[in-house]
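*Asks:* Got a structure for you, written out below as structure tokens; questions coming shortly.
The values are calculated or read from the model by the stated rules, or taken from the named source; none is laboratory data. Model, not experiment: these values are computed from the prediction. When we count neighbours, we look across all protein chains shown, and the Cβ atoms used for this are built from the backbone with ideal geometry, even at glycine.
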Amino acid sequence: MASVSLNTVVTRIARNARKAALSLQSVPKDSINYALTIMADLLQSHRAEIERENKKDIRSAASKKLSPAMIDRLTITDTTIASMARGLREVAALSSPVGQEYDRRVRSNGLVIYKLRVPIGVVGIIYESRPNVTVDAAAICLKSGNAVILRGGSEALHSNLALVKLFRAALAKAGLPADAIGAIPVSDRAAIECLLRQSDYIDLIIPRGGESLIRMVAEKSLIPVIKHYKGVCHVYVSAEADMGKAIPIVVNAKVQRPGVCNAMETLLLDAALSLQSRRNIIRALLEKDVTLFGDPESRKLSPAIKRATVNDWKTEYLDLRLAVRTVGGVAEAIAHINEFGSHHTDAIVTESTSETERFLREVDSSSVMVNASTRFSDGGEYGMGCEIGISTDKLHARGPMGVDDLTTYKWIVRGEGQVRG
């Protein structure tokens, strides 16, 4: 597709999304919920069609020799479809923040002033690999009254277009504008730059994917961007840890799904933790085929641990590799996390109240956990139904972003003829 033609296509999608977003302002909330439940039903009834399109993407990924972790992120199974459908119904059941009034005040001149919660407008989502993001993002945007334009990775093009086709059918059946959910129908990377120039029609861009993609989006966008560059997540096992909790948490944080942004990438072991306890943790990871890179003290725990460099403390592996460092207590653990982490998700395993409170207070991350796996840093696990992304920014949202995070507000001023003197 010629660049002029591609820009025309993207502009048309963005313009139509703006019109749809304005139409959504007067749509009853029940109609939006109805569309979400219709989509949940369509996922189940069109399972074979979805999986057939997904297999095209998987075959292409295998031919390109993508990593097993990336193919895992790409694959749609019956379990994946059931999870997406469940997430849609959970989002439909959530209360909508749109239309809420708050921060009300009555001035001495009689003016009544308050804030009204409203949708952001049109949201562009740029993401890689995971087709379930297509459904999650569309659901959350729709629930919060926003139109959405989806640009998934080329590796999931067939899967994403199949899901968007179903969602647009669900919108039409519910009497809503189909253009409230749009997708860039080509894999050409130039389409991203076209999308990032649509500031007349798009209000917010949310990139989800590898660090290089997110940095490119942040650098080239003419539209505000909410992002996280990478997920260098930590688990610190204190000398005060209960080992019955520590080992399952560490193994789950690394092994349960290593190719996602909330998987642990660095394990911090307290030097005061017993030698046997530290060896037990390392053994549990090695038994799960995790390749370990450690500092000199950590390497004493097993000959299988390879030498770490300073780059390992900053690396998001996204597979069964893990950095291990021995630290001299909670203060050193906090210092390491704040220096090398990505402000995503970090956890402490301890039975000490003072350590817990210090860790929660001083670790500068969007999610901070106590005696729990970093894998819980997720909109669904936080009770949001699903999420549109995880932000490590401090404005306008932070952490897993749900329905509330895709709204803003406008001031409402009600008077009875007042004029300013």
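*Asks:* Of all residues being under 20 Å from residue 186 (Cβ atoms) and assigned to a helix (DSSP H, G or I) in region 59-68, which is farthest from the chain's Cα centre (by Cα)? Just the residue, please.
*Replies:* 63
*Asks:* Right, next: Based on what the data block shows, is residue 202 in contact (Cβ under 8 Å) with a residue 60 or more places away in the chain and outside the structural domain of residue 316 (by TED's automatic domain parsing)?
*Replies:* Details: in contact (Cβ under 8 Å) with a residue 60 or more places away in the chain: yes; outside the structural domain of residue 316 (by TED's automatic domain parsing): yes.
Answer is yes for this residue.
*Asks:* Pairs under 9 Å by beta carbon, first residue over 12 Å from residue 148 (Cα atoms) and touching a residue at least 24 places away in the same chain (Cβ under 8 Å) in region 10-30, partner hydroxyl-bearing (Ser, Thr, Tyr) and surrounded by 14 or more Cβ atoms within 10 Å (Cβ to Cβ), six or more apart or different chains?
*Replies:* The qualifying pairs are 11/201; 29/96.
*Asks:* Give the residue, chosen from 180, 191, 284, 169, that is more than 22 Å from residue 6 (Cβ to Cβ), in contact (Cβ under 8 Å) with a residue 24 or more places away in the chain and surrounded by 19 or more Cβ atoms within 10 Å (Cβ to Cβ).
*Replies:* 180
*Asks:* Please pick out the residue among 234, 228 that is assigned to a strand (DSSP E or B), at negative phi and buried (at least 20 other Cβ atoms within 10 Å of the Cβ).
*Replies:* 234
*Asks:* Now for a different question. Can you name every residue in region 172-230 that is of a type in the set (Ser, Thr, Tyr) and modelled with pLDDT of 95 or more? Step through it out loud before you land on a result.
*Replies:* First, pick out the residues of region 172-230 that are of a type in the set (Ser, Thr, Tyr): 187, 199, 201, 212, 221, 229.
If the condition is that a residue be of a type in the set (Ser, Thr, Tyr) and modelled with pLDDT of 95 or more, then 199, 201, 221 are the ones that fit.
*Asks:* I need the full set of residues from region 376-396 which are in contact (Cβ under 8 Å) with a residue 24 or more places away in the chain and on the phi > 0 side of the Ramachandran plot, in order please.
*Replies:* Answer for region 376-396, where residues must be in contact (Cβ under 8 Å) with a residue 24 or more places away in the chain and on the phi > 0 side of the Ramachandran plot: 385, 389.
*Asks:* Give 135, 106, 123 a once-over and let me know the one that is over 17 Å from residue 38 (Cβ atoms) and touching a residue at least 24 places away in the same chain (Cβ under 8 Å). Spell out the reasoning first.
*Replies:* On the way: 135 fails: over 17 Å from residue 38 (Cβ atoms); 106 fails: touching a residue at least 24 places away in the same chain (Cβ under 8 Å).
Criteria check complete, one pass: 123.
*Asks:* Could you list, in sequence order, the residues of region 377-399 that are within 18 Å of residue 128 (Cβ to Cβ) and not in a loop (DSSP other than H, G, I, E, B)?
*Replies:* 389, 390, 391
*Asks:* Related question: Which one is surrounded by the most Cβ atoms within 10 Å (Cβ to Cβ) among residues in region 330-361 that are in contact (Cβ under 8 Å) with a residue 60 or more places away in the chain and among the small types (Gly, Ala, Ser)?
*Replies:* 347
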